[in-house]
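Single-structure report; data block below.
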Amino acid sequence: MRRKLAAGNWKMNGLKASLSEIEALIAAHPGPDCDVLICPPTTLISAAAALARGRIAIGGQNCHPRLSGAYTGGISAQMLKDAGASHVILGHSERRADRYESDEVVHAKATTAISEGLVAIICVGETERERDRGATLDVISSQLKGSLPLNASGAYLVIAYEPIWAIGSGRTPTLEQIAEVHDFMRAEMVKRLGDDGDEIRLLYGGSVKPSNAADIFAVPNVDGALVGGASLLASDFGAIVAALEAA
Ligand code: PGA
């Protein structure tokens with residue numbers, strides 16, 4: 001049985017004062033009926049983990065493919081773990097686009113992250129142009145093929161379907177379009193991992209907010225959400241957590 005997951009991606013937002021949002025989230029959901037994860041900027045991981053004390057999970061937003069070495073500015077999977085992270089987001093479209101991260105790079109990072117004991121949340125998703133020309137499933141298929149690591153398992157891999165045109169735009173695909181992609185991803189995971197493919201959580205991400213969360217969570221094979229903007233405030237994210245608990 002897949003345990004649902006509400007994941008918040010703070011992106012490059014958050015100073016020490018923002019830790020109060022994590023405090024408020026935990027206070028409002030002391031024993032959530034689903035997994036709750038906040039991925040703050042790296043500078044806040046240690047403090048956030050100390051504050052959360054396992055009541056919610058804390059994760060990173062990226063890691064280096066190598067374990068350690070002369071990579072100025074790099075953050076390794078082991079460092080994230082050491083700071084108290086249990087998850088890491090990899091292959092977010094903002095990094096694929098701005099930092100030229102290829103499927104091969106995402107594959108390497110995910111392999112390292114999983115071998116270091118982190119749960120890898122791998123993001124995939126099409127551009128608007130790709131959707132318009134009917135290439136969505138081809139794009140997802142090739143991103144999955146290229147970026148999923150060989151050491152993937154139900155316990156250590158989460159996939160987030162994030163249509164690029166839906167991120168931060170206030171627009172979302174129709175529920176039918178979300179269902180089509182999630183059913184496709186589920187079939188691909190089962191093809192690849194057998195029964196264990198059924199254990200991999202598939203998140204939807206892109207303009208999830210309190211007002212649309214319940215509808216999205218009712219879609220089969222949607223096991224939660226990866227939330228950007230609406231994860232910054234405990235009041236918004238808490239409402240999304242509540243919708244997931246009720247789903
Ligand atoms: P958004 O971002 O919720 O602000 O659209 C989602 C994401 O990029 O993970």
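The values are calculated or read from the model by the stated rules, or taken from the named source; none is laboratory data. The structure displayed is predicted, hence computed values, not measured ones. No Cβ is skipped: glycine too gets one built from the backbone with ideal geometry, and neighbour counts run over all protein chains shown. To get the accessible areas, we keep the full protein, side chains included, count just its heavy atoms, and leave off ligands, DNA and RNA. Shrake-Rupley method; radii C 1.70, N 1.55, O 1.52, S 1.80 Å.
With a sphere of radius 14 Å drawn around the Cβ of Ala243, what net charge do the other residues whose Cβ falls strictly inside it have (Lys, Arg +1; Asp, Glu -1)?
Residues near Ala243 contribute -3 overall.
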- Item | Residue-count net charge about Leu137 - beta-carbon cut-off 13 Å; Lys, Arg +1, Asp, Glu -1 | -2
- Message: Can you list residues from other chains, or at least 5 along the same chain, whose modelled amide H is less than 5 Å from the amide H of Arg201?
- Response: Ile159
- Sequence of Met1, Met79 when ordered by accessible area, the most exposed leading, probe 1.4 angstrom: Met1, Met79
- Query: Counting only DSSP beta bridges with both residues in the chain, what percent are antiparallel, rounded to the nearest 5?
  - Reply: 0 percent
- Checked against the positive end of the charge dipole of the stretch 5-246 (+1 on Cβ of Lys and Arg, -1 on Cβ of Asp and Glu, about the Cα centre), the farthest of Pro149, Ser102, Leu137 is Ser102
- Message: Under 5 Å between amide hydrogens, which residues at least 5 positions from Ile89 or on another chain qualify, with H placed 1.01 Å from N in the peptide plane?
- Response: Gly60, Gln61, Asn62, Ile121
- Extending each Cα 7 Å along its Cβ direction at Glu128 and Lys145, get the distance between those two points in nm, one decimal. 2.8 nm
- Apply the Karplus parameterisation 6.51 cos²θ - 1.76 cosθ + 1.60, with θ equal to phi minus 60°, to every residue of the stretch 174-190 and state each ³J(HN,Hα) to the nearest whole Hz, in sequence, with x for glycine and proline. 5, 4, 5, 5, 5, 4, 4, 5, 5, 4, 4, 5, 4, 4, 5, 5, 5
- Task: Starting from the Cα of Lys81, draw a straight line to each of the lysines and keep only those under 27 Å, dropping any in the same chain fewer than 8 residues away.
- Result: Lys4, Lys11, Lys16, Lys109, Lys145
- Query: Where a ≥ b ≥ c are the square roots of the eigenvalues of the C-alpha gyration tensor, would you call the chain rounded, which needs a/c under 1.5, or, failing that, prolate if a/b is larger than b/c, or oblate?
  - Reply: rounded
- Using a 1.4 Å probe and counting only protein heavy atoms, arrange Lys81, Lys191 so the residue with the most accessible area comes first. Lys191, Lys81
- Neighbourhood net charge (13 Å Cβ-Cβ; Lys/Arg +1, Asp/Glu -1) for Arg2: -2
- Message: Can you tell me which aspartates and glutamates have their Cα less than 12 Å from the Cα of Lys209? Leave out same-chain residues fewer than eight positions away.
- Response: Asp236
